[in-house]
Amino acid sequence: MGHTYTSTLFHVVFSTKERRAIIKQPEALWAYIAGTARNLDYEPVAIGGTENHVHMLLRLPAQVAVAEATQKLKSNSSRWLGRMGRGLDGSTGMGHLRLVRRMWMP
């Protein structure tokens, strides 16, 4: 009897309102997002971006919707930026892309 294994990665992007360059320490934000993702049992494969947007490549547990994961990571990172004096100020841009790899094992 064969088994199918699925590995799903999500490429999530969100930006600051009006693409304003308010992320003054991108590397610190990426580290914060990675830690938050791990605390939520998500696997942050890669995180990067610029002063006005963030890219995340995530592997999520099967029971977690990408919209829920994005909302949690975005709200936590916005709160962190607010404590740093640079909140996302109602950021609006957001999107995701699903990447799937399936393997069949006999």
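The values are calculated or read from the model by the stated rules, or taken from the named source; none is laboratory data. Since this is a predicted model, take the numbers as computed values, not measurements. FYI the Cβ positions are ideal-geometry reconstructions off the backbone, even for glycines, and counts take in every protein chain you see.
I'd like to check something: does region 10-23 contain any residue that is surrounded by fewer than 17 Cβ atoms within 10 Å (Cβ to Cβ), polar (S, T, N, Q) and outside any strand (DSSP E or B)? Break it down stepwise before answering.
As a first pass, look at region 10-23 and keep what is surrounded by fewer than 17 Cβ atoms within 10 Å (Cβ to Cβ): 11, 13, 17-21.
Add one more test, that the residue is polar (S, T, N, Q), and what stays is none.
No, every residue in region 10-23 fails to be surrounded by fewer than 17 Cβ atoms within 10 Å (Cβ to Cβ), polar (S, T, N, Q) and outside any strand (DSSP E or B).
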Would you pick out the residues in region 33-62 that are assigned to a helix (DSSP H, G or I) and touching a residue at least 12 places away in the same chain (Cβ under 8 Å)?
-> Ile33, Ala34, Thr36, Ala37
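Can you pull out the residues in region 15-39 that are touching a Leu at 6+ places or on another chain (Cβ under 8 Å) and either more than 21 Å from Leu81 (Cα to Cα) or not hydroxyl-bearing (Ser, Thr, Tyr) (or both)? Outline the logic, then answer.
Looking only at region 15-39, we keep the residues that are touching a Leu at 6+ places or on another chain (Cβ under 8 Å), and these are 16-17, 22-23, 29, 33, 36-37.
Lys17, Ile22, Ile23, Leu29, Ile33, Ala37 - these are the residues of region 15-39 that are touching a Leu at 6+ places or on another chain (Cβ under 8 Å) and either more than 21 Å from Leu81 (Cα to Cα) or not hydroxyl-bearing (Ser, Thr, Tyr) (or both).
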Provide a single number: the residues in region 33-82 that are farther than 14 Å from Val12 by Cα, crowded, with 17+ Cβ neighbours inside 10 Å and modelled with pLDDT under 95.
-> 5
Looking at (1) surrounded by fewer than 18 Cβ atoms within 10 Å (Cβ to Cβ); (2) assigned to a helix (DSSP H, G or I); (3) of a type in the set (Gly, Ala, Ser), find the lone condition where Ser7 falls short.
-> (2)
